[in-house]
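Worksheet for the structure shown next.
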Amino acid sequence: MAKVVKPGSTALYPVPVVLVSCGVDRPNLITLAWVGTLSSDPPTVGIAVRPERFSHHLIVEGGEFVVNLPHAGQVGLVDYCGQVSGREVDKWAGCGLTPAPASRVRVPVVAECPVSLECRVSHRLVLGVHELFVGEVLAVQVNQEVLDAKGHVDYQLARPLAYAGGYYWELGDLLGRFGDWRRGCA
């Protein structure tokens, strides 16, 4: 199969779309798709934020943030929070979202998001036009209605939202389980 070589770009897809809450005195929300898991022990995530964004200084000053995982039905408010600035607009009020207390950080979680990861900044790294905030996950809040009988997140109920090529996507069909490789390669 022939491949075409293209210039380097952010071609990784899909990536999660999240609402990051930040700021203690005047909490704000920012939509991000440059987000990922960095380590499992200690549990660590990374978020990339442009320094000119209003949320950037809130994360720097507070040293904490919450990664809130919205469901696919919230795509409109996710897009809104990525298009307007918290300098001029209260995004919480604009979307009708509820700031709820976190358990381990001072930044609120989004009550309506199925999953929220409470993070404390452990490292910062300037990477071109973005700064990577590395956050240790201190606690995870999960809405009960997306838990299965064993207490695990049921992803069909959580309806994860993804981003690829300028578009929002809802994740689809379950294709297999980690460790099922024998069926595909043997």
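The values are calculated or read from the model by the stated rules, or taken from the named source; none is laboratory data. From a predicted model like this one, the values you see are computed outputs, not experimental measurements. Every residue, glycine among them, receives a Cβ derived from its backbone with ideal geometry; neighbour counts consider all protein chains shown. Heavy atoms of the whole protein, side chains included, go into the accessibility calculation; ligands, DNA and RNA do not. Shrake-Rupley method; radii C 1.70, N 1.55, O 1.52, S 1.80 Å.
If you go through segment 1-17 and keep only what is open to solvent by less than 80 Å² (accessible area, probe 1.4 Å) and in contact (Cβ under 8 Å) with a residue 40 or more places away in the chain, you end up with PRO14, VAL15, PRO16, VAL17. For segment 153-170, a residue qualifies if it is in contact with a strand residue (DSSP E or B) (Cβ under 9 Å, 6 or more places away or on another chain), open to solvent by 80 Å² or more (accessible area, probe 1.4 Å) and of a type outside the set (A, V, I, L, M, F, W, C), and the qualifying residues are ARG159, GLU170.
In segment 113-136 there is at least one residue that is open to solvent by less than 60 Å² (accessible area, probe 1.4 Å) and assigned to a loop (DSSP other than H, G, I, E, B). Of the residues making up segment 137-185, those that are of a type in the set (Gly, Ala, Ser) and assigned to a loop (DSSP other than H, G, I, E, B) are ALA149, GLY151, GLY165, GLY166, GLY172, GLY176, GLY179. Report whether or not ARG177 is free of Cβ contacts under 8 Å to residues at least 12 places away in the same chain, open to solvent by 50 Å² or more (accessible area, probe 1.4 Å) and among the basic types (Lys, Arg). Yes, satisfied. Whenever a residue of segment 74-94 is under 14 Å from VAL110 (Cβ atoms), its partners that are open to solvent by 40 Å² or more (accessible area, probe 1.4 Å) and charged (D, E, K, R), lying with C-beta atoms within less than 8 angstrom and at least six residues away or across chains, give the pairs GLN74/GLU112.
Could you list all residues from segment 96-111 that are closer than 20 Å to VAL75 by Cβ and either open to solvent by 60 Å² or more (accessible area, probe 1.4 Å) or of a type in the set (Val, Ile, Thr) (or both)? Selection gives THR98, VAL109, VAL110. In summary, ALA93 fulfils each of the numbered conditions (1) under 18 Å from GLY36 (Cβ atoms); (2) of a type outside the set (D, E, K, R); (3) open to solvent by less than 90 Å² (accessible area, probe 1.4 Å) with the single exception of condition (1).
Of the strands (runs of 3 or more DSSP E) that lie entirely inside segment 18-71, those containing 2 or more residues that are surrounded by fewer than 21 Cβ atoms within 10 Å (Cβ to Cβ) span 35-40, 43-49.
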